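Note sheet for the following structure.
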Amino acid sequence: MTKHLLKTTAATAGIILGLAAAGTAWAQDAVNLRMTIWSANEAHLAMFNEIAEGFKATHPNVSVTFEPLPFDSYTTTLTTQIAGGNPPDLAWILETTAADFVNSGALAPLTDAFAATEGYDLADVSEKATALWTKDGQLYAYPFSTSPFAIFANNDVLKAAGAKTPAELIAAGEWTWDNAFASAATVGQSGKTGLVVRDFKFQTWQNLASIWNGWGAAPWSADGKTCTFTDPAMVNALTAIHKAIFTDKAMPGPGEDIDFFAGETGMTITQISRASLLPKENPFDWDLVPLPAGPAGEYSVVGQAGVGAFAKGANKDVAVEFLGYMTNAENSKKLAQFFPPARASLLNAETLASTNPLLSPEQIENVVISGIANGTVLPGHTNFAQIQQTIRAGLDSLWVPEADVAAVLANVCSSVSPLLAR
């Protein structure tokens, strides 16, 4: 099964390029666009359907279906659909696989179509935000979400355990990873969970960049060709994480599936778009704060999601037109309720406060705006699926109490280096 998944997901470019070409639907034909997404959140879907209805008002022959796929297997499922001859018209794309999709020629170019759309104002879209989705000056996917990683805190759980809250540590100028882990360990000793890295689950190792970037660590060199898991910064970062899990019980261990938003956990690292999961019934006293400073100083990490139209899709031109409508200035403001925008005109406290009423002006300024302006994007690479699986398998032996961190990481580099060098 693993080999099959690797073959399916690793060869994204080859699979997508194998799509059969088909003619673009004529304007008078009924067109049903299908967009794959990884959110089944009802509020998200309601907003997407509202945008689709707005497009239908001027394109009565066009309907749009949003198809939620499980996040953990999203890219695998998407590429399987493509390989099976059932590709969507549009798709969300993870930042980690951006290089595969953009470089393969799988996606329709967007720059000219967006520039020709009245009122679109492509210049308003940040070049930093679009860099990952651009090749040779041509935009191939729109970065609809540039979402900083941050820490949500449950002050009720922290205070009940006698732990210092992030706000208290920030006020004292002591918001560091040492102190964050200490607070999480205090909660752990009380019988509850201290700190969860959401969606990590000892599988999605790249989400640990939200911690190890504080040590100045990275999985590979800037050119992507050299494994750096054995660099001292990474060894030290993963040693700290290992200690937090197995010695201090500050973080849950393998097999423990903990949901912060259920209200029984001290803190979680996740993207700010997860604020929509905060409970409306039986709410708790929550806070949202930047990531703690690490030995390398203050830092921020962002995850990006792009949305693109497939170049050889049956309804390519209509799909590109809908994408231009969905991401225009007006609809980008709607999307900003849940997905931090790439448009400079929307990156201000006033606009974001109106679309994110849950967040305080201070949270918007310190977490959202600052995080987007200064954040490093999660690590990605061409052939990411195979690289991700190889590193995940290599790290399996790290997640036991007696692990030799340096030795495990040396083995990781031995396994993944040939893939990085391709």
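So what's the back-of-envelope 222 nm ellipticity for the chain, counting only DSSP H runs of four-plus at -39500 (n - 2.57) apiece and dividing by all residues, rounded to 500?
On the way: 18 runs with 161 residues, N = 422.
It comes out at -10500 deg cm²/dmol, rounded to the nearest 500.
Using a cut-off of 13 Å between beta-carbons, work out the net charge of the residues near ASN328 (Lys and Arg +1, Asp and Glu -1, ASN328 not included).
Working: positive: LYS333, LYS334, ARG343; negative: GLU118, ASP121, ASP124, GLU321, GLU330.
Neighbour charge sum, excluding ASN328 itself: -2.
At what distance in nm do the modelled label points of ASN41 and ALA329 sit from each other, each positioned 7 Å from its Cα along Cα→Cβ?
2.6 nm
Distance from the Cα centre of segment 250-316 to that of segment 75-110, in angstrom?
24 Å
Could you tell me how far the Cα centroid of segment 130-155 sits from the Cα centroid of segment 376-422, in Å?
24 Å
At ALA30 and ALA410, where each label point lies 7 Å from the Cα along Cα→Cβ, what is the point-to-point distance in nanometres?
Each label point lies 7 Å from its Cα, and together they span 6.6 nm.
Straight-line reach from LYS280: which aspartates and glutamates fall under 18 Å, measuring Cα to Cα and dropping same-chain residues less than 8 apart?
Reachable aspartates and glutamates: GLU42, ASP156, ASP259, GLU264.
Say the cut-off is 19 Å between C-alpha atoms; which of LYS201/LYS249; LYS56/LYS312; LYS56/LYS316 go over it? Intermediate results must be reported in sequence, preceding the final value.
Details: LYS201/LYS249 16 Å; LYS56/LYS312 23 Å; LYS56/LYS316 17 Å.
Cα-Cα > 19 Å for LYS56/LYS312; rest within.
Can you give the extra length, in nm with one decimal, that the chain gains between ALA172 and GLU53 once fully stretched, where that is 0.36 nm per residue apart less the Cα-Cα distance? All intermediate terms of the calculation are to be shown ahead of the outcome.
Numbers: separation 119, 0.36 × 119 = 42.84 nm, distance 4.99 nm.
Working it through step by step, the gained length comes to 37.9 nm.
Which residues' amide hydrogens lie under 5 Å from the amide hydrogen of LEU107, considering only partners 5 or more residues apart or on another chain, with H built in the peptide plane?
When sequence neighbours closer than 5 places are left aside, the close amide H contacts are ALA311.
Coordinate-derived values only; no laboratory data. Quick caveat: nothing in here was measured; it's all calculated off a predicted structure. Cβ sites come from the backbone with ideal geometry, for glycine too, and all protein chains shown count toward neighbours.
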